[in-house]
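Peer 1: Before I ask anything, let me first share the structure, which is written out below as structure tokens.
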Amino acid sequence: MGPRTRILDAAMLVFRRHGFRRSSIEQAAEAAGLTRQALYHHFKSKEALFRAVIERLHEEALAAEIAAAGAAEKQGGSLADILVASVSAKLGQLAASLDGSPHVEELFSEHLLQARDLYQKYAAAYADQLDATITRVCRKQSLVLNAGMTPRDLARCVEMAVNGTKSAYPAMQPTDAFLKDLEIMLRTLIAGAVGPAKQPRGAKPKPAKKADKKPDKKSARKPGDRR
């Protein structure tokens with residue numbers, strides 16, 4: 001384990017235990033087994049250290065999202081299965097990183113204050129990943145999005161569903177309930193967004209089955225029957 005990784009692991013423990021405001025460079029250095037000056041060699045301030053921790057959290061969440069999407073695709077999941085798995089993996093990873101901390105809401109708040117540019121950077125990265133997944137799965141499974149919707153549009157709707165569910169669960173807590181309600185939202189959204197599968201090129205649509213026509217009583221009379 002390199003010194004940078006050791007420092008980030010130690011800083012994560014300190015931030016979880018004390019929150020951002022009550023944490024210090026000295027505490028992080030002590031937890032990492034380093035002097036304050038040795039830590040300053042890698043990070044110039046507490047804010048820089050916090051940003052590095054946040055960036056690593058997002059990188060881990062993005063990796064979890066990509067891995068979950070790939071696994072669900074390999075298992076032959078539907079578009080809804082794949083998107084639920086990928087989004088849940090991403091958010092579950094983020095929530096697990098802070099699980100048990102009494103300062104979750106403060107850390108999320110400071111995340112936006114101290115690292116808004118990182119938040120925007122990774123929001124774009126998550127949107128790109130969703131877009132790519134939707135595009136790939138729709139192509140592989142010959143799916144059609146309704147009402148002229150594009151994969152990017154659906155990715156944006158998925159993010160709005162995530163934000164809407166977050167409003168009911170501050171800091172995504174409790175995680176299990178948050179993810180359960182989010183899954184319901186996502187499956188409902190995707191069911192309305194996806195149309196019937198495309199017909200293969202050159203394939204003719206199957207003709208509708210004609211109902212057997214029952215002869216009426218008049219036409220069923222035999223010749224010679226009295227009318």
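Peer 1: Can you list the aspartates and glutamates whose alpha carbon sits under 20 Å from that of K180, skipping same-chain ones fewer than 8 residues off?
Peer 2: Answer for K180, where 20 Å is the Cα cut-off: E65, D81, D99, E159, listed by chain and number.
Peer 1: First select every other residue whose beta carbon is under 14 angstrom from the beta carbon of L189; then total the charges, Lys and Arg +1, Asp and Glu -1.
Peer 2: The answer is -3.
Peer 1: Just to be sure I understand the model, the point goes 7 Å from the Cα along the line to the Cβ. What's the resulting R6 to K74 distance in nm?
Peer 2: Spacing of the two 7 Å Cα→Cβ label points: 3.4 nm.
Peer 1: Per the 1.4 Å probe, what fraction of the accessible area of the chain, in percent, lies on carbon and sulfur atoms?
Peer 2: Carbon and sulfur: 54 percent of the exposed surface of the chain.
Peer 1: What's the extension gain from R136 to T35 if we count 0.36 nm per residue and subtract their Cα-Cα distance? If you can, show how the numbers build up before the last one.
Peer 2: Working: separation 101, 0.36 × 101 = 36.36 nm, distance 4.94 nm.
Separation in residues times 0.36 nm, less the Cα-Cα distance, equals 31.4 nm.
Peer 1: What whole number of Å gives the distance from the Cα centroid of segment 149-198 to the Cα centroid of segment 119-138?
Peer 2: 14 Å
Peer 1: For the pair F108/N146, report the inter-label distance in nm, with labels modelled 7 Å from Cα in the Cβ direction.
Peer 2: Label-label distance for F108 and N146, simple model: 3.0 nm.
Peer 1: If you don't mind, there's one more thing I want to ask. Using only DSSP helix segments of four residues or longer, with each worth -39500 (n - 2.57), what per-residue ellipticity at 222 nm results for the chain after dividing by its residue count and rounding to 500?
Peer 2: Value at 222 nm, helices only, nearest 500: -22000 deg cm²/dmol.
Peer 1: Can you give the translational diffusion coefficient of segment 13-129 in µm²/s, computed by Stokes-Einstein from the Kirkwood radius over Cα pairs at 10 °C and 1.306 mPa s?
Peer 2: Numbers: Rh = 15.6 Å.
In µm²/s, the coefficient is 102.
Peer 1: At 7 Å along Cα-to-Cβ for each site, give me the label-to-label distance between R21 and M185 in nm.
Peer 2: 2.8 nm
Peer 1: Suppose the chain between A125 and A63 were pulled fully straight at 0.36 nm per residue; how much longer would it get relative to their current alpha carbon spacing? All intermediate terms of the calculation are to be shown ahead of the outcome.
Peer 2: Details: separation 62, 0.36 × 62 = 22.32 nm, distance 1.11 nm.
Here the segment from A125 to A63 would lengthen by 21.2 nm.
Peer 1: Mind listing the long-range amide H neighbours of V194? Cut-off is under 5 Å, sequence gap 5 or more, other chains count too, H placed in the peptide plane at 1.01 Å from N.
Peer 2: The list, which skips near neighbours in sequence, is N146.
Peer 1: Can I ask one more? Which angle from 0 to 90°, rounded to the nearest 10, does the C-alpha axis of helix 46-74 make with the longest principal axis of the chain?
Peer 2: Result, in degrees: 30.
Peer 1: With the convex hull built on the Cα atoms of segment 149-196, state its orientation-averaged projected area in nm².
Peer 2: Here the figure is 3.4 nm², rounded to one decimal.
Peer 1: One-quarter of the Cα convex hull surface for segment 35-76, in nm²?
Peer 2: 3.5 nm²
Peer 1: Could you sort 176-183, 147-154 so that the peptide with the highest average Cβ count within 10 Å comes first and the rest follow in order?
Peer 2: 176-183, 147-154
Peer 1: What share of Cα pairs, in percent, lie more than 15 angstrom apart in segment 102-206? Please report the intermediate quantities before stating the final value.
Peer 2: On the way: 3912 of 5460 pairs.
Percentage above 15 Å: 72.
Peer 1: Rounded if a/c is under 1.5, else prolate if a/b is larger than b/c, else oblate: which is segment 83-140, with a ≥ b ≥ c the root eigenvalues of its Cα gyration tensor?
Peer 2: Details: a/c = 5.46, a/b = 1.77, b/c = 3.09.
Oblate is the answer for segment 83-140, as a/c is 1.5 or above yet b/c matches or exceeds a/b.
Peer 1: Okay, next question. Would you mind checking K140/K166; K90/K140; K46/K90 for any pair whose Cα atoms are more than 29 angstrom apart?
Peer 2: In this structure, K140/K166 lie more than 29 Å apart at Cα.
Peer 1: Same structure again: For the chain, take every pair of Cα atoms, bin their distances at 5 Å starting from 0, and report each bin as a whole percent.
Peer 2: 1, 6, 12, 14, 14, 11, 9, 7, 6, 4, 3, 2, 2, 2, 2, 1, 1, 1, 1, 1, 1, 0, 0, 0
The values are calculated or read from the model by the stated rules, or taken from the named source; none is laboratory data. A quick note: this is a predicted structure, and the numbers were derived from the prediction, not measured. Neighbour counts run over all protein chains shown; Cβ positions are idealised from the backbone, glycine included. These area figures cover heavy atoms from the full protein model, side chains too; ligands, DNA and RNA do not enter into them. Shrake-Rupley method; radii C 1.70, N 1.55, O 1.52, S 1.80 Å.
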